[in-house]
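Here the structure is laid out as structure tokens; the discussion comes afterwards.
The values are calculated or read from the model by the stated rules, or taken from the named source; none is laboratory data. The structure displayed is predicted, hence computed values, not measured ones. Ideal geometry is used to build each Cβ from the backbone, glycine not excepted, and the neighbour counts take in all protein chains shown. Quick note on the areas: whole protein, heavy atoms, side chains included, nothing else; ligands and nucleic acids left out. Shrake-Rupley method; radii C 1.70, N 1.55, O 1.52, S 1.80 Å.
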Amino acid sequence: MSEVKAYGAKASDADLEQLDIKRRTPLATDVHIEIDYCGVCHSDIHQVRNDWKNSKYPVIPGHEIIGHVVAVGSEVTKFKKGQQVGVGCMVDSCQNCEACDEGLEQFCENGMTATYNGKDKHLGGHTFGGYSEEIVVDEKFVLNIPENLDTKAVPPLLCAGITTWSPLRQWNVQKGDKVGVVGLGGLGHMGIKFAHAMGAHVVMITTSPEKSKDAEKLGADEVLISKDEKQMKEQANSFDFILNTIPVGHDVNPYLNLLKRDKTMVLVGAIEPLKDVNGGALIIKRKRLAGSLIGGIEETQDMLDFCGEHDIVSDIEMIDIQNINTAYERVVNSDVKYRFVIDMQSLKK
Ligand code: NAP
Ligand code: ZN
């Protein structure tokens, strides 16, 4: 076991501060990683602030991890010392249920181990995430990072990337489909890039008119201001697919109204009760409301490889860990362009 520096919160109303945590001594199948960069997901904030009522303290957030291998266990075959690697939202699963057999570790029937705030099978207690100097992870949950990509802008792919990629694939978005992405934050900006790369006609659906120019630069063909009822009416019944990243419970009816007959809106953000859903909005044109959770490990690797081939990374703002509390405020105020990434070297200051 080793002790490493980390940054985390001791209570739901506390700022993040420097803390010391323990990492296990690497096992035969483990990869020991020194962390270079870690993205800041809105989920980190939800967990620190106990929005989902299941946080365990201290919370050491971070599940968009890029680092390099400092050592590998004797049975590790896929990675070697010095290699650049990634770790996303999961660090383990049972590997022995229907979901794991299908490569859907995020739905492991015996419970996947989340990168932070999961049950730590090795040290007891709960897992600690990427706002730290080092992490030790079973090689099955370590990702290969295409070498041509700009490392600093890769971390968000590990959560924001896979969370938007997976539903676009699952619902089979095709060239020419009219796809709406709701919410231009960390997830939304990756949603635009992927839908655009898949050849869709992409509409950014936002509450922030000032983000319109950026949305177009990211690959949106149109911008729809969700607060403008007239614009929303004009686009009613016209979408083939909607990816909704709004981070809180909200009224989904105006968005359902945008879908064509038989089409689906997928929620990835609002992991909490929604306002009353009008059954009529679903029934009248046989519309569907669905959800999606990150993606499996193989699918995550496919997404990273696609990013390598198409030169896709995130648009990031790099920060030192000491500025994390201000960054959280900015995310909550929808003022992020479009993902904060922490330079973990700053933790050594
Ligand atoms: P983010 O960077 O804060 O982006 C969310 C965007 O949603 C905001 O920038 C804003 O965009 C819009 N928005 C915020 N509050 C809104 C409201 N009340 N009504 C309408 N629009 C609102 O967050 P993120 O990191 O992309 O994460 C989004 C959500 O997904 C979070 O809840 C996170 O926990 C969750 N998440 C889920 C998964 C999963 O597997 N399902 C994985 C990762 C994250 P505009 O200014 O454009 O309106
Ligand atoms: Zn996340």
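For the reader, a short list of remarks on this structure follows.
- In this structure the amide hydrogen of D177, modeled in the peptide plane, comes within under 5 Å of the amide hydrogens of H201, none closer than 5 places in sequence on its chain.
- Taking a point 7 Å from the Cα of T77 along the Cα-to-Cβ direction, the residues of the stretch 125-157 with backbone N closer than 15 Å to it are 139-141.
- Cα centroid of the stretch 88-161 to Cα centroid of the stretch 173-211, whole Å: 26
- Note on the chain: with charges restricted to the Cβ of Lys and Arg (+1) and Asp and Glu (-1), its dipole about the Cα centre is near 800 debye.
- Under the Karplus curve 6.51 cos²θ - 1.76 cosθ + 1.60, θ = phi - 60°, whole-Hz ³J(HN,Hα) for the stretch 205-221, x wherever Gly or Pro sits: 10, 9, 8, 10, x, 5, 8, 4, 4, 4, 4, 5, 4, 6, x, 6, 8
- Of the accessible area of the stretch 160-291, computed with a 1.4 Å probe over protein heavy atoms only, carbon and sulfur atoms account for 48 percent.
- Full-stretch length increase - D13, Q235 - with 0.36 nm per residue and alpha-carbon distance subtracted: 75.8 nm
- Per residue accessible area of the chain, 1.4 Å probe, in Å²: 43
- Cβ-based charge dipole, the stretch 53-112, positive-most Cα from C108, I66, C94: I66
- Accessible area of I316 in the full protein assembly, 1.4 Å probe (Å², nearest 10): 50
- For the stretch 96-104, Karplus couplings with θ = phi - 60° (6.51, -1.76, 1.60), whole Hz, Gly/Pro x: 8, 9, 4, 5, 4, 4, 8, x, 10
- Check: the stretch 160-291 dipole with +1 on Lys, Arg Cβ and -1 on Asp, Glu Cβ, in debye: 380
- Here the sum of -39500 (n - 2.57) over DSSP H runs of 4 or more residues, divided by the residues of the chain, equals -6000 deg cm²/dmol at 222 nm, to the nearest 500.
- The stretch 238-251 - phi-based ³J(HN,Hα) in whole Hz, Karplus 6.51/-1.76/1.60, Gly and Pro as x: 10, 9, 8, 6, 10, 10, 10, 9, 4, x, 9, x, 7, 7
- Residues H42, H250, H122, ordered by accessible area of protein heavy atoms at a 1.4 angstrom probe radius and largest first, appear as H122, H42, H250.
- The chain - share of DSSP beta bridges that are antiparallel (%, nearest 5): 55
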